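First up is the structure itself, then whatever we jot down about it.
Readers should treat all values here as calculations from the given coordinates under stated rules, not as data from a laboratory. The structure presented is a predicted model; accordingly, all values stated were derived computationally and were not measured.
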Amino acid sequence: MSENADGPVLAPTLVGWLKAREETGQHLATATPPIDAGWVQRLADLLATERSWQDQYTELIALGSPGNRFPSSNR
């Protein structure tokens, strides 16, 4: 999570998330049968990285919410 003198900064975290999302999309575009274990592992790694950035961004946004948390999702 990026910070400056005034506290956390959203923009670098959003950039990281969007870059990870783009990398995931690029990898998915390379899927051609047969898909091997290495391809699947790379996808799992990319998805985990993307989720980590998403979680960091969500936590930063939630800092302005009551209790520093978002309500639970209905999904």
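Got a sec to turn the phi values of the stretch 14-21 into Karplus ³J(HN,Hα) couplings, 6.51 cos²θ - 1.76 cosθ + 1.60 with θ = phi - 60°, whole Hz, x for Gly and Pro?
5, 4, x, 5, 5, 5, 5, 5
For n ≥ 4 DSSP H runs only, could you compute -39500 (n - 2.57) per run for the chain, divide by its residues and tell me the 222 nm figure to the nearest 500? Walk me through the numbers on the way to the answer.
Numbers: 2 runs with 46 residues, N = 75.
Result for the chain: -21500 deg cm²/dmol, rounded to the nearest 500.
Ordered by residue, what ³J(HN,Hα) values in Hz, to whole numbers, does the stretch 39-46 give under the Karplus form 6.51 cos²θ - 1.76 cosθ + 1.60, where θ = phi - 60° and Gly and Pro are x?
Going residue by residue, I get 5, 5, 5, 4, 4, 4, 5, 5 Hz, with x marking Gly and Pro.
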